[in-house]
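Here the structure comes first, spelled out in structure tokens, and everything after it is commentary.
The values are calculated or read from the model by the stated rules, or taken from the named source; none is laboratory data. The shown structure was predicted, so the numbers you read here are calculated from the model rather than taken from an experiment. Cβ placement follows ideal geometry from the backbone for every residue including glycine, while neighbour counts extend to all protein chains displayed. Heads up: the accessible areas ignore ligands, DNA and RNA and are worked out on the full protein's heavy atoms, side chains in. Shrake-Rupley method; radii C 1.70, N 1.55, O 1.52, S 1.80 Å.
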Amino acid sequence: MITAVIVSYNPEAGKFVPLLEQLLNQLEKVIIVDNSPQDNEAALEQIVQASLPLERLSLCRIGDNLGIAAALNIGIDAALD
């Protein structure tokens with residue numbers, strides 16, 4: 001399975017949703033690892049709900065900015081499961 005791991009930090013729905021749509025057209029699965037603070041959950045829900053098909057999209061919320069390396073490792077671990 002070909003999977004993309006995207007690390008986000010306070011993503012803007014208007015810019016992020018078209019990116020996800022393009023990736024989901026080309027890949028079997030997309031994993032979003034969110035490095036944003038917990039107060040950004042409403043924006044992420046809007047992004048996830050706008051990105052169909054949901055069964056090919058996974059969201060890992062970290063709740064804090066752990067850095068790009070830690071976030072990528074979390075995404076890779078999720079892809080391998």
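Starting from the residue with the highest accessible area, list LYS15, LYS29 in decreasing order, probe 1.4 Å.
Ranked list, largest accessible area first: LYS15, LYS29.
For Cα pairs less than 8 Å apart in space and 6+ apart in sequence, what is the mean separation divided by the residue count of the chain, i.e. the relative contact order in percent?
38 percent.
Report the Rg/Rh value for the chain, based on alpha-carbon coordinates and the Kirkwood definition of Rh.
Reported Rg/Rh, Kirkwood definition of Rh: 0.93.
Length gain on complete extension for the stretch LYS15 to GLN46, per 0.36 nm per residue less the alpha carbon to alpha carbon distance?
That pair, LYS15 and GLN46, stretches by 9.9 nm at full extension.
Rank-order 21-28, 72-79 by packing density, defined as the average count of other C-beta atoms within 10 Å over each peptide's residues, highest first.
Packing proxy ranking, top to bottom: 72-79, 21-28.
Put +1 on the Cβ of each Lys and Arg and -1 on the Cβ of each Asp and Glu in the chain; which of ILE2, VAL17, PRO37 then has its Cα farthest toward the positive end of the dipole?
Comparing the listed Cα positions along the dipole, ILE2 ranks first.
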